[in-house]
Amino acid sequence: MEREVASIAERLVQEFNSLPWNVVVEAVCDCAGACREANPFFVEQAARAALARRPLTLAD
């Protein structure tokens, strides 16, 4: 699943480009860790939902 997580992170870094890349990667890793048995699609959607709740600023 490591390659899938890396691919998810790459896509979401581009999608949430107003957030620092490390915030996006952390969200993806947190979702992947919390849902170890989930498929990559679920992890991506969970990370996307978590990131959508964050304010889109560079303040982090």
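A few notes on this one:
- Among ALA46, ALA27, ALA38: highest mean-square fluctuation, GNM of the chain, C-alpha pairs under 10 Å: ALA38
- Working from label points 7 Å from Cα in the Cα-to-Cβ sense, the GLU15 to GLU2 distance is 2.4 nm.
- Calculated SAXS-style log₁₀ I(q)/I(0) at q = 0.20, 0.22, 0.30 Å⁻¹ - the chain, Debye, Cα scatterers: -0.64, -0.76, -1.33
- Once C-alpha pairs closer than 8 Å and six or more residues apart are averaged by separation and normalised to the residue number of the range 2-52, the relative contact order reads 38 percent.
- Segment ARG54-ALA34, extension gain: residue separation times 0.36 nm, minus the distance between their alpha carbons: 5.3 nm
- Counting only alpha carbon atoms, the long axis of helix 40-52 and the longest principal axis of the chain meet at about 20°.
None of the figures in this text is laboratory data; all of them are computed from the coordinates on show. Note that the structure is predicted; figures quoted are calculated from it, not measured. Ideal geometry is used to build each Cβ from the backbone, glycine not excepted, and the neighbour counts take in all protein chains shown.
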